[in-house]
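The block underneath contains the structure these notes are about, expressed in structure tokens.
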């Protein structure tokens with residue numbers, strides 16, 4: 001039986017064709033919105049085994065349409081996050097995330113945001129229209145103690161870049177463990193006790209029941225004055241009201257690629273809070289993403305054609 005995968009973007013299809021689609025597989029372009037079959041999509045609903053949903057467009061209605069395909073066995077998400085998709089896909093379908101696809105882009109943005117705030121780049125940019133030359137001594141990343149909250153693939157990628165800036169990394173994951181590269185990785189349950197002597201916290205956590213508003217008023221209060229919170233994980237990991245209170249008082253600073261709500265309304269106080277830098281959820285939105293996604297999908301096809309389980313499974317289904 002041929003394994004049929006649909007992809008939503010022509011550049012992904014073209015990349016897979018250039019890499020060489022394995023024997024026993026075919027790749028079809030489908031936007032997940034149009035009904036099947038369509039004149040320009042040579043596949044019937046009962047022929048589709050794997051769907052790669054579009055980037056940043058996996059709405060409940062789109063996922064429901066995908067989940068209704070009768071032979072669907074695997075849904076591949078381009079994103080590392082998956083909490084938005086699981087409730088809208090049938091349990092018999094295996095769901096895989098994009099682990100590894102966004103590590104580099106998200107990690108470099110996390111470090112870039114930390115550098116921007118630490119070195120006052122945000123304030124220098126605001127001074128430029130007025131032509132203000134205003135040298136101010138700033139805090140380096142070097143010799144700073146940086147807690148990475150969420151020490152999976154992206155967290156480790158952040159840590160490796162921080163090491164190059166001569167920062168001390170404090171890794172925190174869901175459960176404690178000893179890591180051959182990083183030494184002791186602390187448990188999330190113990191994180192509040194670690195906050196009193198850190199300079200920067202970088203959040204890379206996914207959104208789960210356990211992480212929803214984990215960074216709350218108690219967490220933020222445990223940070224020392226002037227500490228910087230960087231969030232490149234999920235917006236709802238941080239209690240927005242508690243963060244607004246801290247940054248509005250000038251006690252903490254923040255750099256956010258994700259927010260709650262998202263998009264952030266134009267009149268939200270975070271836009272104008274002192275010491276805050278916001279980017280519009282662009283951690284993985286780089287030209288390095290598509291080649292990495294193509295590589296993952298190619299490896300998935302090879303495994304599926306061989307009858308092996310797929311990579312990056314976040315929920316195993318029963319359909320084969």
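One table, with the values for the structure above:
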| item | result |
| --- | --- |
| Among the candidates 190, 197, residue that is more than 29 Å from residue 97 (Cα to Cα) and loosely packed, with under 14 Cβ neighbours inside 10 Å | 197 |
| Residue within segment 212-219 that is in the same structural domain as residue 191 (by TED's automatic domain parsing), crowded, with 20+ Cβ neighbours inside 10 Å and touching a strand residue (DSSP E or B) at 6+ places or on another chain (Cβ under 7 Å) present | yes |
| Residue match in segment 160-180 (condition: farther than 22 Å from residue 215 by Cα, part of a helix (DSSP H, G or I) and either touching a helix residue (DSSP H, G or I) at 6+ places or on another chain (Cβ under 8 Å) or touching a residue at least 12 places away in the same chain (Cβ under 8 Å) (or both)) | yes |
| Within segment 69-99, considering residues that are touching a helix residue (DSSP H, G or I) at 6+ places or on another chain (Cβ under 8 Å) and assigned to a strand (DSSP E or B), the one surrounded by the most Cβ atoms within 10 Å (Cβ to Cβ) | 75 |
| Residue that is surrounded by the most Cβ atoms within 10 Å (Cβ to Cβ) [pool: residues in segment 303-315 that are over 21 Å from the mean Cα position of the chain (by Cα) and outside any helix (DSSP H, G or I)] | 309 |
| Output for segment 23-33, where each listed residue is crowded, with 19+ Cβ neighbours inside 10 Å, in a loop (DSSP other than H, G, I, E, B) and touching a helix residue (DSSP H, G or I) at 6+ places or on another chain (Cβ under 9 Å) | 32 |
| Candidates 113, 147 - the one that is part of a helix (DSSP H, G or I) and crowded, with 18+ Cβ neighbours inside 10 Å | 113 |
| Pairs where the first residue, in segment 21-45, is over 25 Å from residue 302 (Cα atoms) and the second is at pLDDT 90 or above and part of a strand (DSSP E or B), C-beta under 9 Å, 6+ apart | 36/6; 40/29 |
| Conditions (1) part of a loop (DSSP other than H, G, I, E, B); (2) within 24 Å of residue 292 (Cβ to Cβ); (3) in contact with a helix residue (DSSP H, G or I) (Cβ under 7 Å, 6 or more places away or on another chain); number of the one not met by residue 36 | (2) |
| Qualifying residue in segment 59-68 (condition: touching a residue at least 60 places away in the same chain (Cβ under 8 Å) and surrounded by fewer than 22 Cβ atoms within 10 Å (Cβ to Cβ)) | no |
| Of all residues making up segment 100-113, the number that are touching a helix residue (DSSP H, G or I) at 6+ places or on another chain (Cβ under 8 Å) and either under 14 Å from residue 146 (Cα atoms) or without any contact (Cβ under 8 Å) to a residue 24 or more places away in the chain (or both) | 3 |
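The values are calculated or read from the model by the stated rules, or taken from the named source; none is laboratory data. Just so it is clear, the model here is predicted, and its values are computed rather than measured. Every residue, glycine among them, receives a Cβ derived from its backbone with ideal geometry; neighbour counts consider all protein chains shown.
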